[in-house]
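What follows is a set of notes on a single structure, which appears directly below.
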Amino acid sequence: MTQLIHHPAILFVVLVVLLSLGASLGALLLHRIAPLSEDARENFNVVQGATLTLLALLIGFTLSMAVSRYDQRKNYEEEEANAIGTEYVRADLIGAAGGATIRPLLAQYLQLRIDYYKTRNTDELDANNRKTADLQGRLWSTVRDAALAQPNPVTALAVAGMNDVLNTQGYTQAAWINRIPLSAWMLMIVIAFFSNLMQGYGIRAGSGRRVLLFVLPFTVSLSLALIADIDSPRGGLIRVAPLNLISLQQSFSLQ
């Protein structure tokens, strides 16, 4: 299940098959086992409407959660770019030698952060995280040593700027890990299955409405796949592009 929500296209195909199967079971099997009488149809319509309403509310709330997380990832990308750019400007505050050391390291660090946003390969991501952690240690030790050698408010600005650089990376990583809970996905899929089961069961035989049997499975599958796409930082089509980081890198090359 975890792998499915990381790959929205596969999730869409699986859901179309699963929900269509539920609708078909309702239309073919339940109709034969327990035909729905006209006297019971009014009560059935009430229960079906309540079930579909609950499903719609869950989809709406989950979509809102996914969009808010997507916006959070975009905001942290912008904050990372601002923090790195600010520290690049402040590098001279710890002296010419310190600035000459920090600026190339920040340029390397910026490239690693851009790669973090672009990669989809797990091995490349692990290597990127290791290199990022190592480079963060080197950057921090450089400003720390300079601040200890010259403890004054000017060097403190450089230390504070580096602290922002490190913190924003941690915030970004936390935002990318923060996903819609697996239990919420399971609940939505179960309710969607039974909603389609009832949809198939409620369609009158011979009424010419069998074509509607697959409308609900397709639309629900598409909605859930869209949510998974927005919620998946690396597996979907809708991704946060490091536009601010790339723009910052281009400004570095002009200096």
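Do we find that residue 92 is touching a helix residue (DSSP H, G or I) at 6+ places or on another chain (Cβ under 6 Å) and charged (D, E, K, R) in this structure? Yes: the conditions hold for residue 92. Only one of the numbered conditions (1) under 30 Å from residue 250 (Cβ atoms); (2) out of contact with any Leu (no Cβ under 7 Å at 6 or more places or on another chain); (3) hydrophobic (A, V, I, L, M, F, W, C); (4) surrounded by 17 or more Cβ atoms within 10 Å (Cβ to Cβ) is violated by residue 81, and that is (2). Total residues in the range 42-53 satisfying the condition of being of a type outside the set (Ser, Thr, Tyr), surrounded by 13 or more Cβ atoms within 10 Å (Cβ to Cβ) and modelled with pLDDT of 85 or more: the figure is 1. For the residues 94, 180, the requirement of being closer than 30 Å to residue 6 by Cα and touching a residue at least 60 places away in the same chain (Cβ under 8 Å) singles out 180.
In this structure, residue 66 does not qualify as surrounded by fewer than 14 Cβ atoms within 10 Å (Cβ to Cβ) and among the aliphatic types (A, V, I, L, M).
Looking across the range 114-127, the residues that are assigned to a helix (DSSP H, G or I) and more than 19 Å from residue 252 (Cβ to Cβ) come down to 122, 123, 124, 125, 126, 127. Considering (1) more than 30 Å from residue 58 (Cβ to Cβ); (2) surrounded by fewer than 17 Cβ atoms within 10 Å (Cβ to Cβ); (3) among the β-branched types (Val, Ile, Thr), the lone condition that residue 155 does not fulfil carries the number (2).
State all residues of the range 95-106 that are surrounded by fewer than 15 Cβ atoms within 10 Å (Cβ to Cβ) and under 20 Å from residue 244 (Cα atoms); if no residue qualifies, say none.
104 - this is the single residue of the range 95-106 that is surrounded by fewer than 15 Cβ atoms within 10 Å (Cβ to Cβ) and under 20 Å from residue 244 (Cα atoms).
Considering (1) closer than 19 Å to residue 196 by Cα; (2) in contact with a Leu (Cβ under 9 Å, 6 or more places away or on another chain), the lone condition that residue 46 does not fulfil carries the number (2). Annotation for the range 113-123: at least one member residue is under 22 Å from residue 77 (Cβ atoms), exposed (fewer than 13 other Cβ atoms within 10 Å of the Cβ) and without any contact (Cβ under 8 Å) to a residue 24 or more places away in the chain.
The values are calculated or read from the model by the stated rules, or taken from the named source; none is laboratory data. The structure displayed is predicted, hence computed values, not measured ones. All Cβ positions, glycine included, derive from the backbone under ideal geometry; neighbour counts span all protein chains shown.
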